[in-house]
1. List the residue pairs whose Cβ atoms are under 8 Å apart, where the first residue sits in region 1-20 and is modelled with pLDDT under 95 and among the aliphatic types (A, V, I, L, M), the second is surrounded by fewer than 17 Cβ atoms within 10 Å (Cβ to Cβ) and in a loop (DSSP other than H, G, I, E, B), and the two are 6 or more positions apart or on different chains.
2. Tell me whether region 202-217 contains one or more residues that are more than 16 Å from the chain's Cα centre (by Cα) and farther than 19 Å from G112 by Cα.
3. Look at A76 and say whether it is of a type in the set (G, A, S), part of a helix (DSSP H, G or I), touching a residue at least 12 places away in the same chain (Cβ under 8 Å) and surrounded by 13 or more Cβ atoms within 10 Å (Cβ to Cβ).
4. What is the residue count in region 104-130 for residues that are touching a residue at least 40 places away in the same chain (Cβ under 8 Å) and either over 30 Å from G188 (Cβ atoms) or outside the structural domain of Q149 (by TED's automatic domain parsing) (or both)?
5. So, in region 21-54, exactly how many residues are part of a loop (DSSP other than H, G, I, E, B), aliphatic (A, V, I, L, M) and modelled with pLDDT of 95 or more?
Amino acid sequence: MTPDHGQLIYEGKAKRIYRCDLPDRVFIEFKNDATAFNALKRAELAGKGRINCQISASLFEMLQSKGVLTHYVGVAAENWMVAQSVDVIPLEVVVRNIATGSLCKQTPINHGMEIFPPLLDFYYKDDSLGDPLLTKARLRLLDLIEESQLKEIEKQATLINDLLRVFFDSLDLILVDFKLEFGFNDQGKLLLADEISPDTCRIWDKTNNHPQDRILDKDRFRKDLGEVVESYEEILKRVQGVTSKPRNYK
């Protein structure tokens, strides 16, 4: 079912954003499109949008119950979310608990090494530039946010990581790393935005030691491992097993 939405505001690789009946709300449609390597690799995976929407909704509700401020309001359909309208900061915050991916390609750090305290990396959100890694000095030079706002983002990212790691661990899942985005609502409050799903997280099955079979996230698509939707479904099944059904937007 498609909710009665307004005009299209923005379309990204995995989501479309539409105007809502209230000026401070938006509809977010989660698409079935899968992309990797800055959209050089593409596919359509039936059911992916529904799964990511439902996982994100459940995780946002869990985080909200712990006091984290997010843009999430509710779900309007299986693959449609309602959220506060936010001015998204063009900054991707990547939290790393275990070394893998680009960190191991760009440094001599070994794949699989546990990182403590977790590493926070900042990337400039711009596909045309390849989402470059930013130093703190470059971040200040770009003047994207104030120093106090950056400290708050670091604080929130660390808290969110702590909450998600404990939550996933209770499901026999390992949160390897993940990406967060933040924005300001019309009242100037800093909110967690975007989504939290296997598209934006690396998640391993704690009960499986096989280096490929344990992967339950987008790396299955990146590395041509197959069973992408089935792996996403496994995460959804475990999440739904310990959470209530996401609240509906009325």
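1. Partner pairs satisfying both residue conditions: M1/E78.
2. no
3. When the stated conditions are applied, A76 does not pass them.
4. 1
5. Qualifying residue count, region 21-54: 2.
The values are calculated or read from the model by the stated rules, or taken from the named source; none is laboratory data. Here the structure is a predicted model, which means the values were calculated and not measured. FYI the Cβ positions are ideal-geometry reconstructions off the backbone, even for glycines, and counts take in every protein chain you see.
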